[in-house]
Amino acid sequence: MKIGVLISGSGTNLQAIIDSITQGIIKKSTIEVVVSNVKSAYGLERAKQAGIKAIYINSKEYNSREEYDKKIVEILKENGVELIILAGYLKWITPYFVNQYKNKILNIHPSLLPSFKGLHAIEKAYEYGVKMTGVTVHFVDESEDGGAIILQEGIRLDEGISLEKLEEQIHKVEHKLYPKAIEKFVTGKIKLEGRKVIVEK
Ligand code: GRF
């Protein structure tokens with residue numbers, strides 16, 4: 001399956017996906033293009049190093065969020081993209097974009113949704129004092145981090161754990177869980193029944 005990845009930052013999840021394709025954990029798939037809304041995003045470097053087309057699009061050059069998303073969708077379609085992976089993409093995607101790729105856009109979020117939506121989720125959960133948090137991979141719809149949940153993995157907080165250590169643990173889980181969800185998607189093992197997602201073994 002042809003994959004397009006959208007990023008804004010360091011791209012460690014992108015790297016985990018690139019590695020999973022190379023190692024055959026995600027089969028019969030290629031990343032056709034990586035798009036960033038941030039020029040300095042290190043993920044663009046990671047893409048180039050892997051021989052993947054890496055494109056920066058400056059949102060300031062577009063009059064509205066929809067105009068900007070039209071450009072992104074145009075790039076994705078030109079590259080034959082069938083599955084879109086948001087990997088630390090810090091831009092709100094418009095209903096236009098969602099409708100162009102209905103149930104074909106995935107996101108990863110560093111909490112057990114629906115708790116701690118939005119930015120700084122790890123810190124918010126930590127400051128709240130939860131004893132358990134985790135990682136969620138979900139479909140993207142028009143709501144904020146509210147699409148149907150595909151996979152979740154919980155992490156129990158060790159007593160007195162530092163925020164830095166927790167972040168490390170979360171990212172480690174992300175780098176396994178996202179490739180796993182993508183592999184399930186590309187092999188047709190994910191079925192959507194209303195809000196419920198059935199993931200076959
Ligand atoms: C991850 O924690 C992901 O859950 C969140 O943004 C972060 C991206 O990190 N959506 P990276 O750019 O993949 O390193």
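Listing for the model above:
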| read-out | value |
| --- | --- |
| Selection count, segment 183-194, where residues are under 13 Å from Asn103 (Cα atoms) and modelled with pLDDT of 95 or more | 7 |
| Segment 161-173, residues that are within 13 Å of the ligand (Cβ to nearest atom) and not hydrophobic (A, V, I, L, M, F, W, C) | Glu167, Glu168, Gln169, His171, Lys172 |
| Qualifying residue in segment 121-130 (condition: out of contact with any Leu (no Cβ under 6 Å at 6 or more places or on another chain), touching a residue at least 60 places away in the same chain (Cβ under 8 Å) and either assigned by TED's automatic domain parsing to the domain that holds Ile25 or of a type in the set (A, V, I, L, M) (or both)) | no |
| Positions within segment 1-60 being among the small types (Gly, Ala, Ser), more than 10 Å from the ligand (Cβ to nearest atom), closer than 19 Å to Leu177 by Cα and crowded, with 23+ Cβ neighbours inside 10 Å, in sequence order | Gly4 |
| Tally, over segment 143-177, of residues that are part of a helix (DSSP H, G or I) and either touching a residue at least 24 places away in the same chain (Cβ under 8 Å) or touching a helix residue (DSSP H, G or I) at 6+ places or on another chain (Cβ under 7 Å) (or both) | 10 |
| Residue within segment 152-167 that is surrounded by 12 or more Cβ atoms within 10 Å (Cβ to Cβ) and either aromatic (Phe, Trp, Tyr) or in the same structural domain as Lys91 (by TED's automatic domain parsing) (or both) present | no |
| Within segment 124-147, considering residues that are touching a strand residue (DSSP E or B) at 6+ places or on another chain (Cβ under 6 Å) and of a type outside the set (Val, Ile, Thr), the one surrounded by the fewest Cβ atoms within 10 Å (Cβ to Cβ) | Met132 |
| Count of residues meeting criterion [hydrophobic (A, V, I, L, M, F, W, C) and either under 22 Å from Leu14 (Cα atoms) or free of Cβ contacts under 8 Å to residues at least 40 places away in the same chain (or both)] in segment 183-201 | 4 |
| Unique residue being free of Cβ contacts under 8 Å to residues at least 12 places away in the same chain and basic (Lys, Arg) when the list is Lys180, Lys91, Lys102 | Lys102 |
| Complete set of residues in segment 61-103 that are hydroxyl-bearing (Ser, Thr, Tyr) and closer than 24 Å to Glu183 by Cα | Tyr89, Tyr101 |
| Pick from segment 104-130, criterion of a type outside the set (Lys, Arg) and over 17 Å from the mean Cα position of the chain (by Cα), ranking: nearest to Lys180 (Cα to Cα) | Ser115 |
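Conditions (1) out of contact with any strand residue (DSSP E or B) (no Cβ under 8 Å at 6 or more places or on another chain); (2) within 12 Å of the ligand (Cβ to nearest atom); (3) of a type in the set (Val, Ile, Thr), marked per residue:
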residue: Glu74; (1), (2), (3): yes, no, no
residue: Glu78; (1), (2), (3): yes, no, no
residue: Ile85; (1), (2), (3): no, yes, yes
residue: Ile122; (1), (2), (3): no, yes, yes
residue: Ile149; (1), (2), (3): no, no, yes
residue: Glu159; (1), (2), (3): yes, no, no
residue: His175; (1), (2), (3): yes, yes, no
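The values are calculated or read from the model by the stated rules, or taken from the named source; none is laboratory data. None of these values were measured; they are calculated from a predicted model. Here the Cβ is made from the backbone with ideal geometry for all residues, glycine too, and neighbour counts use every protein chain on show.
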